[in-house]
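Undergrad: One structure coming up, written as structure tokens, with questions to follow.
The values are calculated or read from the model by the stated rules, or taken from the named source; none is laboratory data. Just so it is clear, the model here is predicted, and its values are computed rather than measured. Using ideal geometry, Cβ is built from the backbone for each residue, glycine included, and neighbour counts are taken over all protein chains shown.
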Amino acid sequence: MSQSQPKEIFVRLDRCLSCHSCEWACAVEHSQSKSLHQAVSETPQPKRRVYVESIDPNQSLPVLCRHCEEAPCLHACIAGAISRVKDVVITNPGKCIGCWTCVMVCPYGVIGRHLEEHKAYRCDRCPDRAVPACVTACPTKALVYRSADEYSKGIRQTAASEMAAGKRS
Amino acid sequence: MAGPGKQYVIIGASAAGMAAAQAIAEKDPLGRIRIFSEEPDPPYFRPLIPFLISGRKSAAEMELKGSGPFQAAGLDLHLNSRVEHIEVNEQKMTVSGGETFAYDKLLIATGSRPHIPTDIEGVDQEGVYALRTLKDARSMAKRSEQAKQAVLLGGGLLNLKAAFALLERGLKVTLVVQSPEVLSRLMEPEDSRLIREALIRAGLNIKTGVRAVRIIGNGQGVRAVLLNDGRELASEMVCIGKGVSPNVDFIDAEQIHLEEGVLVDRFTCCNAPNVYAAGDAAVTFNPVTGEKVMTALWTNAVEMGRCAGMNMAGYPTGYSGTFGILNATQVADQPFVSMGIVHTKGSDYETHLSASSRAFRKVVFSADGERLVGVLLIGDINRAGLYRYVIRERMPVRAFKSHLINQTLHYGHLLKAKVLLP
């Protein structure tokens with residue numbers, strides 16, 4: 001059924017230049033002040049939820065919560081703190097007891113531990129924004145916010161036009 | 001046949017039973033799901049009950065319904081209801097009181113109960129507990145209002161949690177551990193130094209290498225605990241945490257194969273038709289070693305229960321098994337994760353250790369060094385889930401082995417390995 005497929009944050013592996021803009025934007029969005037200048041001096045320090053990781057000197061990629069369909073963290077949580085709300089897997093800090101079971105089962109390694117508050121945290125897809133902060137901040141559009149259908153359609157069209165161009169030459 | 005929808009009966013309303021019910025409700029909305037629980041309380045997050053003792057959470061805050069994955073409504077829940085007998089040929093079961101329910105699909109998710117050693121005298125007195133149910137927690141909380149000292153027998157995770165709850169209540173708490181060190185099931189004694197230090201810093205008294213022989217009482221219940229070295233520890237309450245045994249006494253072994261717990265295949269199905277089992281009561285397998293294992297872990301029970309629910313609802317789903325050890329928690333100020341094979345003394349596993357004053361890491365590979373089989377992380381547990389993934393998928397580790405050893409592994413390494421591997 002094509003009733004508005006949810007949007008996700010996709011990563012285009014060939015585009016990341018390792019500039020870390022997404023990390024900064026994420027931390028600022030999750031700060032109290034939501035301004036870079038004030039965020040840097042806040043205590044506790046604002047936490048980023050996207051991690052630019054280097055695979056080799058020429059390739060990096062931003063890693064963040066995939067909000068898995070069968071999310072291991074959601075089922076593993078021993079406190080009922082993790083649930084799915086409008087296609088986003090969220091941790092309720094009020095219920096989190098800091099047992100780190102979610103950290104133990106996340107196959108992407110993207111659940112952080114907020115040591116000051118003794119709570120787990122992760123990407124919340126920026127509930128206050130139309131487009132997540134990391135996506136907006138990415139200068140090369142390595143991060144895109146689209147539905148799976150839109151995203152794969154884009155890939156198909158690019159591939160098709162490249163093939164067509166190849167045929168012509 | 002009986003009614004329009006399938007008749008599901010689930011025995012046990014904790015992690016496995018409720019996860020199964022949730023999966024069934026998602027997959028077969030027309031099915032009728034009956035769940036039977038011996039306990040008087042509606043289903044709750046069992047791992048949270050120590051917080052009732054510390055006073056950090058109320059029973060209402062621990063309720064399962066509406067929390068995390070447990071959103072299903074419309075379940076037919078029978079509390080205070082003990083199942084007496086399953087008649088597999090007729091596909092029905094009987095509860096205490098004699099009422100009988102027919103099933104199309106049945107799940108045994110009866111969990112486990114505390115193992116009470118027979119070599120300790122006086123365990124029947126008032127003030128002696130084994131923390132398993134919300135009811136136990138309420139009794140412990142009540143007694144701790146009057147008590148000044150508590151003795152906890154057993155150095156496992158459950159007792160540590162109970163110990164911290166009682167410390168928070170202001171009691172003087174002594175942990176009596178027969179093994180040379182606490183948490184011996186989850187780590188070797190020489191690997192647990194940071195945990196031991198954290199426990200002592202938090203104010204816990206720990207006596208290792210001794211065991212209780214008698215619990216001494218007076219008219220008001222427990223008064224002291226006598227140890228095998230002749231010492232007597234004054235105490236108004238005792239908590240026994242010596243492991244658990246599966247609740248399978250009601251099962252006729254002629255009809256359903258038991259091997260301590262209920263034996264199931266990879267689709268969580270018993271030998272009897274249309275009977276499934278999951279959670280602490282089930283015997284499952286270790287995906288790394290292939291050995292049969294029984295665990296008593298919420299996380300495993302939910303995963304296995306969900307899988308059983310899918311199978312019962314007609315969606316064949318293989319259970320991927322579990323490691324015998326799969327624990328994460330924080331004791332005092334130290335987080336730790338222990339998973340897979342972490343007891344390596346006298347074995348030929350390839351083991352890499354890293355120890356500092358703040359963190360400890362033990363990474364265990366197969367003898368040929370090609371596969372990761374276990375990891376113990378204390379202090380820094382970041383990205384522990386990647387280790388679990390690598391163990392479980394039995395990935396060849398050569399391409400990123402140094403990152404495993406140094407705990408610098410990230411998802412990019414796995415992605416690269418997966419994409420580039422044949």
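Undergrad: Exactly one condition in (1) in contact with a strand residue (DSSP E or B) (Cβ under 9 Å, 6 or more places away or on another chain); (2) surrounded by fewer than 21 Cβ atoms within 10 Å (Cβ to Cβ) is not met by A:ARG48; state its number.
TA: Against the list (1) in contact with a strand residue (DSSP E or B) (Cβ under 9 Å, 6 or more places away or on another chain); (2) surrounded by fewer than 21 Cβ atoms within 10 Å (Cβ to Cβ), A:ARG48 comes up short only on (2).
Undergrad: Going by the structure shown, is B:ALA73 away from chain A (no Cβ under 14 Å), part of a loop (DSSP other than H, G, I, E, B) and of a type in the set (A, V, I, L, M)? Working first, answer last.
TA: Numbers: away from chain A (no Cβ under 14 Å): yes; part of a loop (DSSP other than H, G, I, E, B): yes; of a type in the set (A, V, I, L, M): yes.
Yes; evaluated as a whole, the condition is true for this residue.
Undergrad: Condition first: surrounded by 17 or more Cβ atoms within 10 Å (Cβ to Cβ) and not in a loop (DSSP other than H, G, I, E, B). Now tell me which residues in segment B:89-100 satisfy that. Explain how you work it out, then say what you get.
TA: Restricting attention to segment B:89-100, the residues satisfying the condition of being surrounded by 17 or more Cβ atoms within 10 Å (Cβ to Cβ) are B:91, B:93, B:95.
Answer for segment B:89-100, where residues must be surrounded by 17 or more Cβ atoms within 10 Å (Cβ to Cβ) and not in a loop (DSSP other than H, G, I, E, B): B:MET93, B:VAL95.
Undergrad: Continuing with this model, one more query. Can you tell me which residues in segment A:100-112 are at the interface with chain B (Cβ under 7 Å from one of its Cβ atoms) and either over 17 Å from the mean Cα position of the chain (by Cα) or not in a loop (DSSP other than H, G, I, E, B) (or both)? Let's see the steps before the verdict.
TA: Initially, segment A:100-112 is screened for residues at the interface with chain B (Cβ under 7 Å from one of its Cβ atoms), giving A:100-101, A:103-109.
Within segment A:100-112, A:TRP100, A:THR101, A:VAL103, A:MET104, A:VAL105 qualify.
Undergrad: Looking at the structure I just gave you, is A:ILE97 crowded, with 16+ Cβ neighbours inside 10 Å, free of Cβ contacts under 8 Å to residues at least 40 places away in the same chain and part of a loop (DSSP other than H, G, I, E, B)? Working first, answer last.
TA: Details: crowded, with 16+ Cβ neighbours inside 10 Å: yes; free of Cβ contacts under 8 Å to residues at least 40 places away in the same chain: yes; part of a loop (DSSP other than H, G, I, E, B): yes.
When the stated conditions are applied, A:ILE97 passes them.
Undergrad: Taking the options B:THR289, B:THR284, name whichever one is assigned to a loop (DSSP other than H, G, I, E, B), farther than 17 Å from B:ALA21 by Cβ and outside the structural domain of B:LEU186 (by TED's automatic domain parsing). Break it down into steps so the answer makes sense when it comes.
TA: Values: B:THR284 fails: assigned to a loop (DSSP other than H, G, I, E, B).
That would be B:THR289, the only listed residue that is assigned to a loop (DSSP other than H, G, I, E, B), farther than 17 Å from B:ALA21 by Cβ and outside the structural domain of B:LEU186 (by TED's automatic domain parsing).
Undergrad: Note down all Cβ pairs under 6 Å where the first residue falls in segment B:331-346 and is under 17 Å from B:ALA163 (Cα atoms) and at the interface with chain A (Cβ under 10 Å from one of its Cβ atoms), the second is surrounded by 18 or more Cβ atoms within 10 Å (Cβ to Cβ) and not β-branched (Val, Ile, Thr), and they're at least six residues apart or on different chains.
TA: Partner pairs satisfying both residue conditions: B:ASP333/B:ALA198; B:PRO335/A:TRP100.
Undergrad: Looking at segment B:176-183, can you tell me whether even one residue there is on the phi < 0 side of the Ramachandran plot, touching a residue at least 60 places away in the same chain (Cβ under 8 Å) and either assigned by TED's automatic domain parsing to the domain that holds B:ARG223 or among the polar types (S, T, N, Q) (or both)? Don't jump to the end; show me each part of the working.
TA: So in segment B:176-183, the residues on the phi < 0 side of the Ramachandran plot come out as B:176-182.
Checking the rest, the ones that are also touching a residue at least 60 places away in the same chain (Cβ under 8 Å) come to none.
Looking through segment B:176-183, none of the residues is on the phi < 0 side of the Ramachandran plot, touching a residue at least 60 places away in the same chain (Cβ under 8 Å) and either assigned by TED's automatic domain parsing to the domain that holds B:ARG223 or among the polar types (S, T, N, Q) (or both).
Undergrad: Scanning segment A:45-67 for residues that are more than 10 Å from chain B (Cβ to nearest Cβ) and modelled with pLDDT of 90 or more, which turns out farthest from A:ARG122 (Cα to Cα)? It would help to see each step written out before you state the result.
TA: Restricting attention to segment A:45-67, the residues satisfying the condition of being more than 10 Å from chain B (Cβ to nearest Cβ) are A:45-50, A:57-58, A:65, A:67.
Filter again for modelled with pLDDT of 90 or more, leaving A:45-50, A:65, A:67.
Working: A:GLN45: 15, A:PRO46: 12, A:LYS47: 9, A:ARG48: 8, A:ARG49: 5, A:VAL50: 8, A:CYS65: 7, A:HIS67: 10 Å.
Going through the qualifying residues, I end up with A:GLN45.
Undergrad: To continue, here is another question. Return the residues of segment B:354-375 that are in contact with a Phe, Trp or Tyr (Cβ under 8 Å, 6 or more places away or on another chain), over 21 Å from B:LEU326 (Cβ atoms) and in a strand (DSSP E or B); say none if nothing qualifies.
TA: Hit for segment B:354-375 is B:SER354, nothing else.
Undergrad: Mind checking which residues of segment A:77-94 are more than 7 Å from chain B (Cβ to nearest Cβ) and of a type outside the set (A, V, I, L, M)?
TA: Scanning segment A:77-94 gives A:ARG84, A:LYS86, A:ASP87, A:THR91, A:ASN92, A:PRO93, A:GLY94.
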